[in-house]
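Beneath this line is the structure, given in structure tokens, with notes to follow.
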Amino acid sequence: MAAAALRAQLNALLANMFTTGMVDEQFQQLQSLQEDGGSASGFVAEVATLFIDDADRIIADIAALLDQPVVDFDKVDAHVHQLKGSSSSVGAQKVKLACMHFRQFYEAKSKEGCLMALALVRSEFCDVRNKFQTMMQLEQ
Amino acid sequence: RRRIRVLLVEDEEIHRVVARAVLRAAGVEADEAENGAEAVRRVRERVGGAGAGAYDLILTDKQMPIMDGHEATRQIRAMGVTTTIVAVSSDSLPSDVQAFIAAGADDFTPKVHAGPSNPPDQSCFTPE
């Protein structure tokens, strides 16, 4: 009975993540790979964990770059590009979109704009990280 | 029926993990290289005297440490290797595509993340 309740909680969480646009079809496809594609049972958790670790590091690196007196916008570009790729791989749609929004500011070499864009990326990442961590706890 | 021999060249672990799962769902177990230099080494080993024969397909990212996908493609072609090489990259501007084709790649696909309902296009190569 407890297992059924946990499963219901997990399903509700996942449904919420989809309906709010937090995750997209890519996340669904990762689930399909786990369920139907022969991947191990912890595959989605593995990808989510890799994304969380990548994003934590990349966001910290971008913050450090923007904290410099002279900002290396090419490096900011490279880091945002990498984060966009990671978020795309896991299906973290809102983080991906925040990264795409970021581009206009480092292309314009606007430190203020980049700081605002980074705040958005960080906010979207924190939201999806919390959801992924709850998902992984419910799956255990 | 001979198994298809694939080399996946990708530096980011998250992309390797996803690509590995997609390929496995399509019945393919791929060798992996984390940068272009490693890819060139693996190709050279396979086509060498004691090697297991050329790969049927090489999937390569663009931006990687040590050696990028363009240079790896050039060096693989310089060895006389005719394996189908498909560039897989998030950078999909026409200039990015053209640069890869000029280096010797056969095709380019954006990093659209395939799932079981959208398996990798295998028509671009013919195993022996």
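The single residue among B:Arg20, B:Arg41, B:Arg24 that is free of Cβ contacts under 8 Å to residues at least 12 places away in the same chain and either aromatic (Phe, Trp, Tyr) or in contact with a strand residue (DSSP E or B) (Cβ under 9 Å, 6 or more places away or on another chain) (or both) turns out to be B:Arg41. Residue check: A:His81 meets all listed conditions (1) under 18 Å from A:Arg122 (Cβ atoms); (2) modelled with pLDDT of 95 or more; (3) surrounded by 15 or more Cβ atoms within 10 Å (Cβ to Cβ); (4) within 14 Å of another protein chain (Cβ to nearest Cβ) but one, namely (2).
Restricting attention to region A:1-30, the residues being buried (at least 17 other Cβ atoms within 10 Å of the Cβ) and assigned to a helix (DSSP H, G or I) number 6. Of note, A:Leu120 does not satisfy the criterion of being in contact (Cβ under 8 Å) with a residue 60 or more places away in the chain and not charged (D, E, K, R).
Across region A:31-42, the qualifying residues are those that are at the interface with chain B (Cβ under 7 Å from one of its Cβ atoms) and assigned to a helix (DSSP H, G or I), and the one among them that is surrounded by the most Cβ atoms within 10 Å (Cβ to Cβ) is A:Leu33.
In region B:83-100, the residues that are within 14 Å of another protein chain (Cβ to nearest Cβ) reach residues that are surrounded by 18 or more Cβ atoms within 10 Å (Cβ to Cβ) and among the small types (Gly, Ala, Ser) with C-beta atoms within less than 6 angstrom, at least six apart or across chains, in these pairs: B:Ser90/A:Gly85.
Among the conditions (1) touching a residue at least 24 places away in the same chain (Cβ under 8 Å); (2) in a helix (DSSP H, G or I), A:Val71 misses just one, which is (2).
Within region A:43-54, one or more residues are surrounded by fewer than 16 Cβ atoms within 10 Å (Cβ to Cβ), without any contact (Cβ under 8 Å) to a residue 60 or more places away in the chain and within 13 Å of chain B (Cβ to nearest Cβ).
The values are calculated or read from the model by the stated rules, or taken from the named source; none is laboratory data. Model, not experiment: these values are computed from the prediction. Virtual Cβ from ideal backbone geometry, glycine too; neighbours counted across all protein chains shown.
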